[in-house]
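Worksheet: one structure, shown below.
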Amino acid sequence: MALTVVLLSAACGGGGDSPPAPDPAALRACQDVFGAESVDALRAALGDGFRPHGPAGADVKGRLVAEARQWRAGTDDLRRQVQHPCEIEGGGSGRVITATVGWSMYDIDHVSSGKGRFRWRTVADGVYVASRPDIWGTPLVMPCTVPGTTPGQGRELPLEVAVLHKATGEAAEVPEERLLAALARGTRELLGCREHVDVPDDLLP
């Protein structure tokens, strides 16, 4: 009887258990955000500690589209929702990669001229990147007119995306610039932005 108890105990709580596999829906969400190749590289580098987190793209789109359609010129109170379509955890060190998307508090006229031009660099026609990071990484701003919004929304309520990259070791070899470009392109496609904007690969100094 004692031997049976020992065997059952070892089977239930054995130290050789493999770590749980990443949640398939969250993995797919991060692949949609950063591209399968980049996520696979991060997964290989982070090993058993790799944990993706992220809502379905439809949920992110729904929130952003609803906010854009509620926007009205001249009555903007600058309150913004911040969405995190993908966060990647690694090896017990917390979130090492975080994607952030939302509507910017800066309009296109600000980031492209006036005092704004001292902080924002034009990296392509309609694509502006901040010269210094904030709490969510280095912001990228671009016009994005959503169908069903009031005139001027695309320029006065532009899209802003950023990537916070805190990975070290082999995971750091997947560059922030590559993740930021993928996030910008993927979010434009998700929202169906009406403007034709080419997001270049070369975004950061």
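The values are calculated or read from the model by the stated rules, or taken from the named source; none is laboratory data. Treat the numbers as computed from the prediction; the structure is a model and nothing was measured. Cβ placement follows ideal geometry from the backbone for every residue including glycine, while neighbour counts extend to all protein chains displayed. Remember, those area values only see protein heavy atoms, side chains included, never the ligands or the DNA or RNA. Shrake-Rupley method; radii C 1.70, N 1.55, O 1.52, S 1.80 Å.
Of A184, A162, A171, all but one fail to be in a helix (DSSP H, G or I) and at pLDDT 95 or above; the exception is A184.
Among residues of the range 160-173 that are within 26 Å of M142 (Cα to Cα), those with a Cβ under 9 angstrom from a residue that is at pLDDT below 90 and open to solvent by 40 Å² or more (accessible area, probe 1.4 Å), sequence gap 6+ or separate chain, pair up as E160/R80; L164/R95; K166/S93; K166/R95. Each residue in the range 150-173 was checked for being surrounded by 19 or more Cβ atoms within 10 Å (Cβ to Cβ) and out of contact with any strand residue (DSSP E or B) (no Cβ under 8 Å at 6 or more places or on another chain), and 3 pass.
Among the residues of the range 146-155, not a single one is in a helix (DSSP H, G or I), of a type in the set (G, A, S) and at positive phi.
The criterion of at least 1 residues that are under 30 Å from G169 (Cβ atoms) and within 16 Å of the chain's Cα centre (by Cα) is met by the following helices (runs of 4 or more DSSP H) wholly inside the range 28-123: 36-46, 57-70.
Restricting attention to the range 148-205 and to residues that are among the small types (G, A, S) and touching a Phe, Trp or Tyr at 6+ places or on another chain (Cβ under 6 Å), the residue that is nearest to P133 (Cα to Cα) turns out to be A162. Taking the conditions (1) open to solvent by less than 60 Å² (accessible area, probe 1.4 Å); (2) at pLDDT 85 or above in turn, G116 satisfies each one other than (2).
Considering D134, D109, the condition of being within 14 Å of T98 (Cα to Cα) and open to solvent by 60 Å² or more (accessible area, probe 1.4 Å) is satisfied by D134 alone.
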